[in-house]
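First comes the structure, then the notes that go with it.
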């Protein structure tokens, strides 16, 4: 019989195991020393080429605090995956642009991600995956709703 605490522990352990697995795949496939979050940001930027993307957009989409995303972006820029360019209308704003190197990493990671999804969801039917997505979405929405009460 499960307890609520067991669900929390299971979710956290699964997230940690998935991140560790992805990190290992990244290293083994010569993609450098990037984290799962950095890969997600690079992928997001590749999906939005041509759209003006700013740090605040990434904070909101990934639900990451400003200080955390600042460090991530500094690291990505230092390693040549992104560029930050001042906006003419407001010099305080920096538009985030994916570089060619970032696009190449995203291409490699897409192949790895497809392989990983096959492993992660082995034995899952489409209905299982839809149900899991729905449940995770409900958890996320519950947490975000509660966070809004504290903002």
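Filtering the stretch 65-100 to residues that are within 21 Å of residue 35 (Cβ to Cβ), part of a loop (DSSP other than H, G, I, E, B) and in contact (Cβ under 8 Å) with a residue 12 or more places away in the chain leaves 79, 80, 81, 99. The combined condition, being closer than 18 Å to residue 109 by Cα, part of a loop (DSSP other than H, G, I, E, B) and in contact (Cβ under 8 Å) with a residue 60 or more places away in the chain, is fulfilled by residue 31.
The residue of the stretch 101-124 that is surrounded by the fewest Cβ atoms within 10 Å (Cβ to Cβ), among those that are over 19 Å from residue 41 (Cα atoms) and in contact with a helix residue (DSSP H, G or I) (Cβ under 9 Å, 6 or more places away or on another chain), is 119.
Residue 139 passes every criterion in (1) under 19 Å from the mean Cα position of the chain (by Cα); (2) modelled with pLDDT of 95 or more; (3) more than 20 Å from residue 23 (Cβ to Cβ); (4) surrounded by 11 or more Cβ atoms within 10 Å (Cβ to Cβ) apart from (2).
Every residue in the stretch 42-64 that is part of a helix (DSSP H, G or I) and more than 13 Å from residue 103 (Cβ to Cβ), please. Matches in the stretch 42-64: 55, 56, 57, 58, 59, 60, 61, 62.
The values are calculated or read from the model by the stated rules, or taken from the named source; none is laboratory data. Please read these numbers as outputs of a predicted model, since none were measured by experiment. Neighbour counts run over all protein chains shown; Cβ positions are idealised from the backbone, glycine included.
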